[in-house]
Amino acid sequence: MKKKITLIGAGQIGGTLAHLAALKKIGDVVLFDVAKGLATGKALDIAQSAPIENFDIKISGTDNYNDTKNSDVIIITAGVPRKPGMTRDDLLGINLKIIKEVAEGIKKTSPEAFVICITNPLDVIVMALQKYTGFSKNKVVGMAGILDSSRFKYFLSLELKVNPYKIKSFVLGGHGDTMVSMVNHTIVDGKNLSDLIKSGNISQSKVEEIVERTKNGGAEIVKHLQKGSAFYAPASSGIEMAESYLKDQKKELPCAAYLQGEYGVKDLYVGVPVIIGKKGVEKVVQINLDENEKKLFQNSIKAVKELFDAAKKIDPSL
Ligand code: A3D
């Protein structure tokens with residue numbers, strides 16, 4: 001039987017997720033949006049490319065949670081994106097309310113689903129979603145680290161003139177200005193980035209510049225677009241997580257996962273490398289951090305905690 005993938009939110013990322021899911025033939029797709037016409041229109045448009053692209057999947061649009069029943073994977077992008085000058089944190093109040101509504105909708109209809117959250121501010125929204133649904137913590141996960149790492153790798157590839165696919169790296173911590181690019185854990189076509197710095201292939205200051213550009217990767221795109229925020233790379237990142245779950249690929253991916261003591265953090269969603277397979281988040285991968293990385297990671301944890309406290313003030317039921 002084909003897998004069922006529901007996309008809650010049929011906006012920029014939702015539509016791109018649907019397109020990618022169809023092209024990659026990972027399952028039937030239901031696009032859900034409170035703006036029903038948007039979901040139905042995008043679904044029909046993508047479906048009409050089936051004879052050209054050679055995919056044989058069902059794709060439909062709806063505003064009724066009954067149509068999303070028994071989904072295997074749910075990817076949530078429902079919310080409001082950042083406008084120029086707006087921080088991810090400004091979005092908190094608006095998107096918290098939306099996510100509560102989404103949680104009500106999916107908890108009745110797809111209690112067994114693997115749920116990937118993309119709505120910002122990511123770490124806090126995914127934590128709220130888990131609390132609102134009561135779903136098991138290994139089945140609710142946030143997308144951010146894959147995107148942030150991908151941006152870091154892409155910027156490095158431009159500088160080092162290497163195929164971006166040949167760079168391995170990841171970004172830890174919250175999805176925000178405190179994210180930590182793991183320079184010492186970056187491998188460029190088989191070589192450690194730190195060795196490339198020592199041998200002069202790239203300067204320390206250039207790497208620092210790239211780390212900063214990665215932190216501001218989303219804002220840079222918002223500034224160009226003026227209307228809306230990034231959606232192609234965020235959608236690719238969400239699909240990589242869904243595929244790893246559906247195909248039990250057990251890929252190691254940086255995602256916002258619930259920590260229960262790992263990295264010295266308890267009861268908090270934050271970006272760390274995890275293994276995603278058929279059981280959801282199957283393992284949190286612990287890597288050794290040096291003193292500086294530990295400090296930066298702690299700083300990021302503090303920012304996520306503070307924002308979650310702000311969320312609790314808005315909704316004391318959290
Ligand atoms: P957008 O194109 O506005 O799509 C959001 C959609 O959500 C719209 O079509 C709305 O109609 C819909 N929506 C609003 N309320 C509800 C509801 N209650 N139920 C169902 N649908 C609803 O935004 P987008 O696709 O560009 O971005 C979506 C979210 O992803 C935003 O919160 C962004 O900030 C976030 N985002 C996160 C990342 C990360 O790396 C974590 C990257 C890029 C964007």
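Quick one: in the stretch 112-121, of everything that is within 9 Å of the ligand (Cβ to nearest atom) and modelled with pLDDT of 95 or more, which residue is nearest to Pro234 (Cα to Cα)?
Kept after step one, since they are within 9 Å of the ligand (Cβ to nearest atom), are these residues of the stretch 112-121: 117-121.
Subsequent filtering for residues that are modelled with pLDDT of 95 or more retains 117-119.
Numbers: Cys117: 11, Ile118: 8, Thr119: 11 Å.
Of everything passing the filter in the stretch 112-121, Ile118 is nearest to Pro234 (Cα to Cα).
Got a sec? Which of Gly85, Gly105, Gly93 is over 18 Å from Tyr232 (Cα atoms) and open to solvent by 40 Å² or more (accessible area, probe 1.4 Å)?
Gly85
Which condition breaks for Ile116 when tested against (1) touching a strand residue (DSSP E or B) at 6+ places or on another chain (Cβ under 9 Å); (2) open to solvent by 10 Å² or more (accessible area, probe 1.4 Å); (3) not in a helix (DSSP H, G or I)?
Going through the list (1) touching a strand residue (DSSP E or B) at 6+ places or on another chain (Cβ under 9 Å); (2) open to solvent by 10 Å² or more (accessible area, probe 1.4 Å); (3) not in a helix (DSSP H, G or I), Ile116 breaks only (2).
At least 3 residues that are closer than 21 Å to Ser110 by Cβ, open to solvent by less than 10 Å² (accessible area, probe 1.4 Å) and modelled with pLDDT of 95 or more in each: list the helices (runs of 4 or more DSSP H) lying fully within the stretch 1-69 that qualify.
Hits in the stretch 1-69: 12-23.
Which of the residues that make up the stretch 156-185 are part of a helix (DSSP H, G or I), more than 19 Å from Asp290 (Cα to Cα) and open to solvent by 20 Å² or more (accessible area, probe 1.4 Å)?
Residues satisfying the conditions are Leu158, Glu159, Leu160, Pro164, Tyr165, Lys166.
If the Cβ limit is 7 Å and pairs must be 6+ apart or interchain, which residue in the stretch 34-54 that is within 22 Å of Ala78 (Cα to Cα) and among the small types (Gly, Ala, Ser) pairs with which residue that is in a loop (DSSP other than H, G, I, E, B) and within 16 Å of the ligand (Cβ to nearest atom)?
From residues that are within 22 Å of Ala78 (Cα to Cα) and among the small types (Gly, Ala, Ser), the pairs are Ala39/Ala10; Ala39/Asp33; Ala39/Asp63.
Between Ser236, Ser203, which is small (Gly, Ala, Ser) and either free of Cβ contacts under 8 Å to residues at least 24 places away in the same chain or buried (at least 21 other Cβ atoms within 10 Å of the Cβ) (or both)?
After applying the criteria, what remains is Ser203.
Would you say Phe135 is surrounded by 23 or more Cβ atoms within 10 Å (Cβ to Cβ), modelled with pLDDT of 95 or more and farther than 16 Å from Val274 by Cα?
So Phe135 does not fit the description; no.
Take Ile75 and tell me if it is out of contact with any Cys (no Cβ under 6 Å at 6 or more places or on another chain), of a type outside the set (D, E, K, R), within 11 Å of the ligand (Cβ to nearest atom) and part of a strand (DSSP E or B).
Numbers: out of contact with any Cys (no Cβ under 6 Å at 6 or more places or on another chain): yes; of a type outside the set (D, E, K, R): yes; within 11 Å of the ligand (Cβ to nearest atom): yes; part of a strand (DSSP E or B): yes.
Judged against the criteria, Ile75 is a match.
The values are calculated or read from the model by the stated rules, or taken from the named source; none is laboratory data. Quantities reported herein were computed from a predicted structural model and do not represent experimental measurements. A quick note on method: Cβ atoms are made from the backbone with ideal geometry, for glycine too, and the neighbour counts reach across all protein chains shown. Side chains are part of the model used for accessible areas, which takes the heavy atoms of the whole protein and leaves out ligands, DNA and RNA. Shrake-Rupley method; radii C 1.70, N 1.55, O 1.52, S 1.80 Å.
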